[in-house]
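This report concerns only the one structure given below.
The values are calculated or read from the model by the stated rules, or taken from the named source; none is laboratory data. This one's a predicted model, so the numbers in the text were calculated from it and none came from an experiment. Quick reminder, even Gly has a Cβ in these numbers, built from the backbone with ideal geometry, and neighbours come from all protein chains shown.
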Amino acid sequence: MDPQREQEIIVAAQADPQRFGPLYDQYFAEVFRFIHRRTRASELTADLTQQVFLKALLALPRYEPRGLPLRAWLFRIALNELRMHWRKKKEVVMDLSWAEVGALSAEVGLQEREEDMQRLASALSRLPAEKARLIELRYFDGASFAEVGQVLGIGEDAAKMRVHRILHILRQYLGSRS
């Protein structure tokens, strides 16, 4: 959806919540995938996705665009819902597919061989949950640094710096033949 059209729909939905439908239709699948990648449970994903859109609808009158797609704001709400769920369950799930790790493996200097992918998965598993979420947002969800910053409530430059520091840590882990 082009940014101008999205903004028009947001303004209309802020004035009349019944006009929220096009935003729901546009972003439901992305938010569902974002959550499902982290839960791997369809029923839980459906429940959390429903909560995200309910909270988004209720908070929409206070939403202020910051030059980013609404998707970043929805991902932030989704991440908060996931955090609340994980806090209750005390668990975190990160599922990697070969397609998703391509950009990350190139970034840390690995080839897409099975041995290297296993080393990368091992290195990722050593990261604290917060650092792993940054990598997920940037490389697996395809979020820009600005979107990563928006989702995590930090500036774009801070998001870049944190991601680059985490990549440095991953390179160290990979250098030690983890």
Next on the checklist: Show me the helices (runs of 4 or more DSSP H) found entirely inside region 86-178 where at least 1 residues are modelled with pLDDT of 80 or more and either among the hydroxyl-bearing types (Ser, Thr, Tyr) or under 20 Å from LEU74 (Cβ atoms) (or both).
Outcome noted: 129-135, 145-152, 156-175
Checklist entry - Considering region 9-26 alone, what residues qualify as being surrounded by fewer than 12 Cβ atoms within 10 Å (Cβ to Cβ) and of a type in the set (S, T, N, Q)? => result GLN18
Checklist entry - Within region 46-67, is even one residue at pLDDT below 90 and farther than 19 Å from GLN7 by Cα? => result no
Checklist entry - Among the numbered criteria (1) over 17 Å from MET117 (Cα atoms); (2) loosely packed, with under 13 Cβ neighbours inside 10 Å, which single criterion is violated by GLY175? => result (1)
Next on the checklist: When the residues of region 27-50 are narrowed to those that are surrounded by fewer than 18 Cβ atoms within 10 Å (Cβ to Cβ) and polar (S, T, N, Q), which ends up farthest from TYR63 (Cα to Cα)?
Outcome noted: SER42
Checklist outcome for this item: Of VAL52, VAL31, VAL11, the only residue that is of a type in the set (Val, Ile, Thr) and over 15 Å from the mean Cα position of the chain (by Cα) is VAL11
